[in-house]
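Mind looking over this structure? Questions follow.
The values are calculated or read from the model by the stated rules, or taken from the named source; none is laboratory data. Since this is a predicted model, take the numbers as computed values, not measurements. Here the Cβ positions follow ideal geometry from the backbone for every residue, glycine too, while neighbour counts run over all protein chains shown.
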Amino acid sequence: MIKRKVWLCIFCLSLLTVSYTGSNANTIKSDRDSQTNVPKEVVTSNTGNENELRSRIEQIAQTAQGRVGATATVLETGQSVLFLNEKQRFPMQSVYKFPIAMAVLAQVDRGKLKLDQKVRIEESDANPDSTVLEQNSQGKEFSLTELLKYAVSESDNTSSDALLRLIGGGKVVTQYLQSLGVNEMVVANPEKEIQQDKTLQLQYRNYATPDAAIVLLRALHEGQGLSKSSQALLLQLMTESSTGPKRIKGLLPEGTVVAHKTGTSSTVNGVTAATNDAGLVTLPNGHHLAIAVFVSDAQADEATREAVIAKVSKVAWDELNK
């Protein structure tokens, strides 16, 4: 009798164990299924959002009737907001005054140059569209700070060429860029040579990819290769830029702080080689959006080309502030 009771107890315990194990296994399986499904839904959502953004950017780009490259990244988080032809090379035109100015300030930091030193510009140095020398001028002296302001904030070609001569030419700037890890940006010729080139090909030797522009903007933002005072000065000059109000800044909320540098070529036979803008946009949360939009070999008019840059910038802004 006792043996039968013991056997029954053991049998009941076995049934309880099997029941618990099965229930626990189902619970674990349910948890695993849940954990597996959530990331899949997130990935699908993100991928779908990226595709939607890319489609919108491509539709905007088509209106330029040319080639458009764009990329935008939030520097504090590394979030890539948009990208299109980001690894293709585009002629920089006056965007290259940004790296030239940065290279000049790096030499100031090393003691090779001084902001208050005088630099003489002769009439023969002047570009046709010079704003720093009056017609038939016999030449004039400027401080290095003045030349930086004219070159960056006002995009004056004569001042930019003077700065480029002072530091030793385009190779010096390109080497400086490479030291910062900016490998797909090249400064090769002064503005005067580019503007006088009848083949229109020199401008393509002075190129950047949108990705390279972002790397340089990050370097500036983080103060790589510059002292704090030089970083602050360059950011101030780029924020005070009077050029391109209808480009990156065009559709952003009034008062948005944008430190940027534009670039524009002439239009020949209905084709404009470069309509560009690259800069740092301060977001409402205090983060910084590094954005570069290059429009090349475009048949659209100036208003349309600038609208492409403005609309792409607005897409990035809206995506981050929705």
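Yes or no: Leu177 touching a strand residue (DSSP E or B) at 6+ places or on another chain (Cβ under 6 Å) and either not in a helix (DSSP H, G or I) or not aromatic (Phe, Trp, Tyr) (or both)?
Spelling it out, Leu177 is indeed touching a strand residue (DSSP E or B) at 6+ places or on another chain (Cβ under 6 Å) and either not in a helix (DSSP H, G or I) or not aromatic (Phe, Trp, Tyr) (or both).
Same structure, new question: Could you please find all residues in region 121-158 being closer than 21 Å to Gln195 by Cα and among the aliphatic types (A, V, I, L, M)?
Listed by number, the residues that qualify are Ile121, Ala126, Val132, Leu133, Leu147, Leu148, Ala151, Val152.
Across region 147-167, what is the number of residues that are small (Gly, Ala, Ser) and part of a helix (DSSP H, G or I)?
Qualifying residue count, region 147-167: 4.
Restricting attention to region 201-210, does a residue exist that is surrounded by 14 or more Cβ atoms within 10 Å (Cβ to Cβ) and in a strand (DSSP E or B)?
yes
Can you name the residue in region 135-150 that is in contact with a Lys or Arg (Cβ under 7 Å, 6 or more places away or on another chain) and of a type in the set (Gly, Ala, Ser) and, of all such residues, is modelled with the lowest pLDDT?
So, considering only residues that are in contact with a Lys or Arg (Cβ under 7 Å, 6 or more places away or on another chain) and of a type in the set (Gly, Ala, Ser), the one modelled with the lowest pLDDT is Gly139.
Only residues that are β-branched (Val, Ile, Thr) and out of contact with any helix residue (DSSP H, G or I) (no Cβ under 9 Å at 6 or more places or on another chain): list them for region 217-273, please.
Correct list: Thr239, Val268, Val271.
So, one more: Of the residues that make up region 41-55, is at least one at pLDDT 50 or above, in a strand (DSSP E or B), surrounded by 10 or more Cβ atoms within 10 Å (Cβ to Cβ) and out of contact with any Leu (no Cβ under 7 Å at 6 or more places or on another chain)? Break it down stepwise before answering.
As a first pass, look at region 41-55 and keep what is at pLDDT 50 or above: 46-55.
Those left that are additionally in a strand (DSSP E or B): none.
No, there is no match, as no residue in region 41-55 is at pLDDT 50 or above, in a strand (DSSP E or B), surrounded by 10 or more Cβ atoms within 10 Å (Cβ to Cβ) and out of contact with any Leu (no Cβ under 7 Å at 6 or more places or on another chain).
Another one. Val182: in a loop (DSSP other than H, G, I, E, B), surrounded by 20 or more Cβ atoms within 10 Å (Cβ to Cβ) and out of contact with any Cys (no Cβ under 9 Å at 6 or more places or on another chain), yes or no? Show your work before the answer.
Details: in a loop (DSSP other than H, G, I, E, B): yes; surrounded by 20 or more Cβ atoms within 10 Å (Cβ to Cβ): yes; out of contact with any Cys (no Cβ under 9 Å at 6 or more places or on another chain): yes.
Against the criterion (in a loop (DSSP other than H, G, I, E, B), surrounded by 20 or more Cβ atoms within 10 Å (Cβ to Cβ) and out of contact with any Cys (no Cβ under 9 Å at 6 or more places or on another chain)), Val182 qualifies.
Got a sec? Which of Ser227, Ser266, Ser296 is more than 30 Å from Gly111 (Cα to Cα), of a type outside the set (Phe, Trp, Tyr) and surrounded by fewer than 21 Cβ atoms within 10 Å (Cβ to Cβ)?
Ser266
So which residues in region 173-198 are more than 13 Å from Ala212 (Cβ to Cβ) and among the polar types (S, T, N, Q), if there are any at all?
The answer is Gln175, Ser179, Asn189, Gln195, Gln196.
Looking at region 58-106 only, could you name the residues that are without any contact (Cβ under 8 Å) to a residue 12 or more places away in the chain and farther than 16 Å from Val281 by Cα?
Gln59, Gln62
So, one more: Quick one: what pairs do we get from region 206-224, first residue within 15 Å of Asn276 (Cα to Cα), second part of a helix (DSSP H, G or I) and aliphatic (A, V, I, L, M), C-beta under 7 Å, 6+ apart or different chains?
Asn206/Ile194; Ala208/Val95
I'm trying to understand the selection: among the residues of region 94-144, which are within 30 Å of Ser179 (Cβ to Cβ), of a type in the set (Lys, Arg) and out of contact with any helix residue (DSSP H, G or I) (no Cβ under 6 Å at 6 or more places or on another chain)?
Matches in region 94-144: Arg110, Lys112, Lys114, Lys118, Arg120.
Moving on. Scan region 90-99 and give yes if some residue there is surrounded by 13 or more Cβ atoms within 10 Å (Cβ to Cβ), assigned to a loop (DSSP other than H, G, I, E, B) and either within 22 Å of the chain's Cα centre (by Cα) or on the phi > 0 side of the Ramachandran plot (or both), otherwise no.
Scanning region 90-99 turns up at least one residue that is surrounded by 13 or more Cβ atoms within 10 Å (Cβ to Cβ), assigned to a loop (DSSP other than H, G, I, E, B) and either within 22 Å of the chain's Cα centre (by Cα) or on the phi > 0 side of the Ramachandran plot (or both).
Give all pairs with beta carbons closer than 7 Å in which a residue from region 157-178 that is among the charged types (D, E, K, R) meets a residue that is part of a helix (DSSP H, G or I); count only pairs at least 6 apart in sequence or on separate chains.
If the second residue must be part of a helix (DSSP H, G or I), the pairs left are Asp161/Asp125; Asp161/Glu191; Asp161/Lys192.
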